[in-house]
Every structure is written in structure tokens, then in C-alpha cells.
Amino acid sequence: MAASTQGLVQTSPETNTHVPKRITVKALVESPALTSLPSNYSYTINPDESDASDPDGTLPIIDFSLLTSRDPHQRSTVIQELNKVCQDWGFFMLVNHGVPESLMKAVVDVCKEFFNLPMEEKMEFADKDIWKPIRFGTGVDVKVEKFFTWRDFIKVLGVPQFQFPNKPKGFSEVSGEYCKRTREVARELLQGISEALGLEENYIEKAMDLESGFQLFAANLYPPCPQPELAMGIPAHTDHGLLTFLIENEIGGLQIQHNGKWFHVNPLPNSFLVNTGDHLQVLSNGKYKSIKHRAVVNNKATRISVVVAHGPSLDTVVSPAPELVESESRPAAYMPMKYKDYMNLQLGGKPCLDHIQLTVT
């Protein structure tokens with residue numbers, strides 16, 4: 001029998017079913033009323049989302065210092081590796097990237113401090129509008145997913161520039177510097193990916209208008225869950241944009257799908273977990289893949305992840321690169337769509353890649 005969760009979920013007298021009530025997962029976990037998972041957080045695993053079967057899987061590693069090396073042989077070698085990794089995996093660990101380990105630790109720490117703020121201070125940023133510059137929330141919209149996910153989050157949009165909360169102390173400065181440094185790495189990495197695709201070094205930079213490129217900063221809090229096998233931190237999904245960078249505290253939870261199987265990701269210390277996004281798949285005309293991934297939860301420790309997504313400018317119309325369509329004699333596999341329109345669809349719960357994919361014979 002489910003434990004009492006009075007004050008945590010509401011019950012409809014007419015149907016005797018749970019009606020979701022907006023409350024943070026952190027507050028839920030800290031309540032003495034919680035001993036089992038409330039029904040509106042229960043997640044049914046689809047057959048193709050079975051448990052991870054390869055807990056020891058190791059992602060490919062890309063050495064960023066070789067990409068910026070003055071040695072043409074080293075650079076050529078790592079560009080070949082990038083090409084293979086983006087085709088075969090869509091996920092990799094980026095090492096020797098030049099972002100200080102102290103800054104990476106500091107941004108995780110200030111995000112933890114944000115989640116520890118009093119409820120009323122965090123709720124100042126609560127909003128359902130996905131285009132709010134700062135948005136604090138919990139789970140997902142039950143109108144879209146029909147259940148709540150086991151996470152709290154804060155998202156900050158870099159449009160036209162980041163405006164981070166001024167509390168806790170240092171949050172804005174640390175997070176702003178972190179986003180600036182990851183943006184520099186992402187743009188350098190995309191130059192290498194341009195070459196890996198056989199395009200000019202600055203092709204993606206210019207075609208995607210990266211000078212005005214969109215950035216999204218998101219911090220996720222996954223508290224211990226009383227029944228983690230019944231809940232989900234974030235369901236399987238792909239990311240919009242070009243590249244996503246992720247770091248976390250030492251509590252794992254990221255799983256990726258590779259060759260039809262799920263496995264846990266165990267990142268190296270001081271590395272970025274980088275994945276290719278939907279718009280790199282579109283730009284490459286399907287050569288590079290935007291891979292499904294998800295966040296699972298545990299019943300022992302709180303996981304914090306910090307994500308920075310890098311995309312084109314919001315007004316950029318993204319389509320397969322004409323040079324690739326022509327050189328590979330393969331018709332364009334995706335219809336053109338403005339990046340902001342795509343985001344509106346995806347964040348509204350629509351399967352966007354399927355929506356814009358064309359039938360190629």
C-alpha cells in the first residue's frame with residue numbers, strides 16, 4: 001500500500017485519483033510523509049527503454065588539446081577521430097579542454113547552493129513560459145508527459161545574453177564565466193567538426209551564425225528516490241541544437257543508447273560529456289546522429305548535473321548543408337526549419353526530427 005502523502009499530492013473526491021500538484025522534488029523528499037513514490041511520479045518503461053545492460057561501457061575520448069595543436073598531423077588525426085565518433089556514437093568525453101577544474105567544481109557547487117535556497121526565493125523564478133530568461137521548475141508538464149519526473153531544475157537562456165539570478169552569492173559570476181568558457185570550446189570543436197564533414201573550417205560558424213548562437217544553461221537536481229525503479233529523472237530524448245556539454249557531481253545517472261542498448265556513462269574526472277544535437281544531424285544530412293539519452297535516479301544520494309547547450313542563432317533556418325547533398329549525391333533528408341520554431345515544437349513535446357524528416361528514395 002502506498003504511504004500517506006498528504007500535502008504532497010491532491011486527491012480528487014470524484015475519481016479518487018491523484019491530481020498532480022506543483023511541489024519541488026526536493027521538498028517532497030524532505031517531507032516526513034514520504035515513504036514511497038507518489039503515483040503521479042510513476043513512470044512506465046517502454047519495451048525499447050529496458051534497463052541498462054552494459055554498466056561498464058566506456059565512451060570514446062577526444063583530446064581537445066590535439067585539435068588546437070600546431071602540429072598538422074595531430075590535428076588531422078583528431079579530426080578523423082571526431083568524424084568516426086560523431087557517426088558511430090554521437091557522444092564522447094572531451095579531455096584537456098582548458099576549462100579549469102576549479103571552475104567546473106565551482107559551478108556545480110553554486111547550483112547546489114541555489115537548490116538549497118528557501119522555497120520562496122526559488123519560486124520567484126517559477127514560470128511555465130519556456131522563453132523566460134530564468135525559469136525554475138520541477139518535473140515536466142503533465143499535459144505533455146502525463147507524469148512528473150524526479151528532478152528540480154533551473155534554466156537560464158543566453159538571449160541576447162545571460163542574466164543569471166543574483167542569489168546565491170557568486171551564482172551569476174561563476175555560471176556566467178563557465179558559459180563563456182564552454183562557448184569558446186564549443187566553437188573550436190565545431191570548427192573541427194566542419195572539417196570532419198569535409199567542409200570549410202568556418203562553415204558551421206558562418207552557416208549557423210554562431211556569433212549570435214543560442215546558449216541554454218540548465219542545472220538539474222535529482223534527490224534520492226524511495227523507489228528509483230519506478231521513477232525517471234528525464235525520459236529518453238535527444239537534444240536540440242548542435243552540441244551539448246554536461247558535467248555532474250560524482251553521482252552517476254546518465255545513460256545513453258548505443259546500437260539499440262542502454263548503458264551507464266562513467267565520465268573521467270575533469271571531462272565534459274559532449275553529445276551531438278538534432279541540428280548537427282540535420283546539417284550533416286543524417287551522417288552524424290543525435291543519440292537518445294536519459295537520466296535515471298537512485299535511492300542513496302543526490303545527483304546534480306550542469307548542462308550547457310550550444311545552438312545556432314534563433315533565427316537561423318537549419319537544413320542539410322548543400323555542399324554535402326551535392327558531394328554525396330544524396331537528396332536532402334530534412335526539410336528546412338527555423339531553429340526557434342523547432343525548439344517550440346520540441347519543448348512542447350513533439351517528436352521534431354520525425355516531423356522534419358523527408359522520405360528519401
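Spin-label point model (7 Å from Cα, Cβ direction): what's the residue 328 to residue 341 distance in nm?
2.3
Past the 31 Å Cα-Cα mark, which pairs from 167/338; 180/300; 26/292; 84/128; 132/289; 300/340?
Over 31 Å apart, Cα to Cα: 167/338; 180/300; 84/128; 300/340.
How about the range 51-132: which trypsin sites (Lys or Arg not before Pro) there are in a DSSP loop, with at most 15 other Cβ atoms within 10 Å of their Cβ?
Within the range 51-132, the qualifying trypsin sites (Lys or Arg not before Pro) (loop, at most 15 other Cβ atoms within 10 Å) are 70, 128.
Just going by the charge dipole of the range 10-356, with Lys and Arg at +1 and Asp and Glu at -1 on Cβ, which of 244, 106, 199 is farthest out on the positive end?
So the residue we want is 106.
Return the distance in nm (one decimal) between the two label points of a simple spin-label model at residue 44 and residue 128, each offset 7 Å from Cα along Cα→Cβ.
According to this spin-label approximation, the distance is 2.4 nm.
Compute a Gaussian network model of the chain, connecting alpha carbons closer than 10 Å, and tell me which residue from 158, 348, 233 fluctuates the most.
Judging by the Gaussian network model, the answer is 348.
Loop only per DSSP, at most 15 neighbouring Cβ atoms within 10 Å: give me the GluC sites (Glu not before Pro) in the range 272-361, ordered by residue number.
Loop-located and lightly packed - 328.
Looking at the range 10-356, send over the antiparallel percent of its DSSP beta bridges, to the nearest 5.
90
Can you check what the Kirkwood hydrodynamic radius comes to for the chain, Cα pairs only, in Å to one decimal?
Value: 21.3 Å, from the Cα pair sum.
Report, in whole Å, the centroid distance computed from the Cα atoms of the range 282-309 and the range 122-186.
16
Using only the alpha-carbon atoms, what does the range 101-194 span along each of its principal axes? Please give whole angstrom values in decreasing order.
41, 33, 25
Under the 0.36 nm per residue contour assumption, what length would be gained going from the current alpha-carbon distance of residue 354 and residue 201 to full extension?
Result for the pair: 52.1 nm of gain on full extension.
Calculated from DSSP H runs of 4 or more alone, at -39500 (n - 2.57) each and per residue, what is the 222 nm mean residue ellipticity of the chain, nearest 500?
-8500 deg cm²/dmol
Can you tell me which of 185, 306, 282 moves the most in a GNM of the chain? Springs connect C-alpha atoms under 10 Å apart.
Looking only at 185, 306, 282, the biggest GNM fluctuation is shown by 185.
For the chain, modelled as a Gaussian network with Cα springs under 10 Å, which listed residue fluctuates most, 235, 165, 351?
Maximum fluctuation in the GNM of the chain, among the listed residues, is at 351.
Pulled fully out, how much extra length does the chain show between residue 159 and residue 229, if you take 0.36 nm times their separation in residues and subtract their Cα-Cα distance?
21.4 nm
Compute the FRET efficiency between residue 120 and residue 29 as 1/(1 + (r/R0)^6), taking r as their Cβ-Cβ distance and R0 = 22 Å, and round to the nearest 0.05.
So the FRET efficiency works out to roughly 0.75.
Among the trypsin sites (Lys or Arg not before Pro) in the range 164-237, which ones are in a DSSP loop with at most 16 other Cβ atoms within 10 Å of the Cβ? Mind listing them?
169
Tell me which aspartates and glutamates have Cα within less than 19 Å of residue 169's Cα, excluding those fewer than 8 residues away on the same chain?
109, 113, 120, 121, 124, 177
Every number in this text was worked out from the coordinates using simple rules, so none of it is lab data. Bear in mind the structure is a predicted one, so any value in this text is a computation, not a measurement. Glycine gets a Cβ as well: all are built from the backbone with ideal geometry, and neighbour counts include every protein chain shown.
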